Amino acid sequence: MVTTPEQVLQLQKAALEVFHNATIASIEGIEKLTALNVQAAKASIEESTDALRSFAEVKDAKQLADIASGSVQPATDKVTAYYKHVYEIANETGTELAKLFEKQFAESNRQLYAAIDAMAQNAPAGSEGLVTLVRQAVTATNSAFDQVSKATKQAVEVAEANMAAAAKTTTAARARKAA
């Protein structure tokens, strides 16, 4: 329970630390996405220039058709790889932020239960029912949060499994075409 100015100051410092760490994690995610986008833009410019050079050297319709059909699959693979990288960066950043907030949530719960215990010790006689009600409400809220957290983690695991399956399917399809 917060009873002194020093405790309030400590809470403020802890909140500032969590905010700082969350901001740094977010900026690092943005930096990674920016680097990926710059890399993709450079590659796209190079590939477009090469494609235009190839089209400029076309001598007949068959050669034009070969160039056009040969560029579809690599482009699809590159888009798939790009979005896979975007997903990985977003997932990594989200996981880091979730860890920070789960830690903060656990600390807040610890402080809340300490405050409830202090309230129970200082409560007038006959208020035990109210203290029990408050404890049950906090426990129910924590239980609901845990269930939502578990469901979210399961959804992320399913999404990751689907991404892995899609990548395997794409790789297998490319291998069949190559053979």
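Overview of values
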read-out	value
Region 25-46, residues that are free of Cβ contacts under 8 Å to residues at least 24 places away in the same chain and within 20 Å of Ala98 (Cβ to Cβ)	Ile27, Ile30, Glu31
Region 1-29 - residue that is exposed (fewer than 12 other Cβ atoms within 10 Å of the Cβ) and under 29 Å from the mean Cα position of the chain (by Cα) and, of those, farthest from Gln111 (Cα to Cα)	Ile27
Single condition Gln111 does not satisfy, out of (1) more than 30 Å from Thr141 (Cα to Cα); (2) more than 26 Å from the chain's Cα centre (by Cα); (3) among the polar types (S, T, N, Q)	(1)
Of the criteria (1) free of Cβ contacts under 8 Å to residues at least 12 places away in the same chain; (2) surrounded by 12 or more Cβ atoms within 10 Å (Cβ to Cβ); (3) of a type outside the set (Lys, Arg); (4) part of a helix (DSSP H, G or I), which one Val58 fails	(4)
Filter pass, Ala22 being under 30 Å from Glu92 (Cα atoms) and touching a residue at least 60 places away in the same chain (Cβ under 8 Å)	yes
Tabulated pairs, region 128-150, first under 11 Å from Ile116 (Cβ atoms), second of a type in the set (Val, Ile, Thr), C-beta under 7 angstrom, 6+ apart or interchain	Val131/Ile116; Val134/Ile116; Arg135/Ile116; Val138/Ile116
Residue satisfying condition, being free of Cβ contacts under 8 Å to residues at least 12 places away in the same chain, within 30 Å of Glu157 (Cα to Cα) and either surrounded by 14 or more Cβ atoms within 10 Å (Cβ to Cβ) or out of contact with any strand residue (DSSP E or B) (no Cβ under 8 Å at 6 or more places or on another chain) (or both), within set Thr95, Thr80, Thr49	Thr95
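Readers should treat all values here as calculations from the given coordinates under stated rules, not as data from a laboratory. All figures in this text were calculated on a predicted structure; none of them were measured in a lab. Virtual Cβ from ideal backbone geometry, glycine too; neighbours counted across all protein chains shown.
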